[in-house]
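Colleague: Dumping the structure here so I can ask a few things about it.
What follows draws every value from the coordinates through simple rules; no lab data is involved. Only a predicted model underlies this, so the values are computations on that prediction, with no experimental measurement involved. Glycine gets a Cβ as well: all are built from the backbone with ideal geometry, and neighbour counts include every protein chain shown.
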Amino acid sequence: MTTKLRAPQLWLALALALALLVSVPLFAQASATERGTGSLVGVWRMTSLEVGTEGNLQPVPYSGQIVFSKSGTMSVQAMNPDANAPDTPYTKNGYEAFYGNFTISKSARTFVVTVQSSLARDLIGQSLTRAFRVSGNTLVLTPPNPAEGWRATYKRV
């Protein structure tokens, strides 16, 4: 059995199909660019870590990576090759690893990651703010308060 659409029904069906097609982007999840995460999205390999007092940062032989996803999650891993390095609030046995959701303040050039899982369990549930600068394929992270005394530099992989 075949049903023939009459002109008014055909136009109504076409109008509904067009309305659906136009409305889909309105309900789609915002893209990384629309959320302001576009410049951070990707995998970054650590090229240097510097620590010390403000204005007197010294290199530390760390290696690691940081990953920012389009969906707004971030994960970081870093390691000090010195197995006897003292623990810090972020590390255990010279190793740092955590992940969580992040949001960006483009005007402040910062992001905040809410830690969902971490090797250093005291970080879980904390919101960590980081200042960032992306220049080409280089990402530089610093604390919002320079007195904390560190800077991590990454290259896009």
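Colleague: Please give the FRET efficiency for LYS92 paired with TRP150, using the beta carbon to beta carbon distance and R0 = 25 Å, rounded to the nearest 0.05.
Modeller: So the FRET efficiency works out to roughly 0.90.
Colleague: Under a straight-distance cross-link criterion of Cα-Cα below 15 Å, which aspartates and glutamates are reachable from LYS106, leaving out those fewer than 8 residues away in the same chain?
Modeller: Within the straight-line limit of under 15 Å, LYS106 reaches these aspartates and glutamates: GLU34.
Colleague: Let's test the formula: R0 of 30 Å, r as the Cβ-Cβ distance of THR53 and ASP82. What FRET efficiency results, to the nearest 0.05?
Modeller: It comes out at approximately 0.90.
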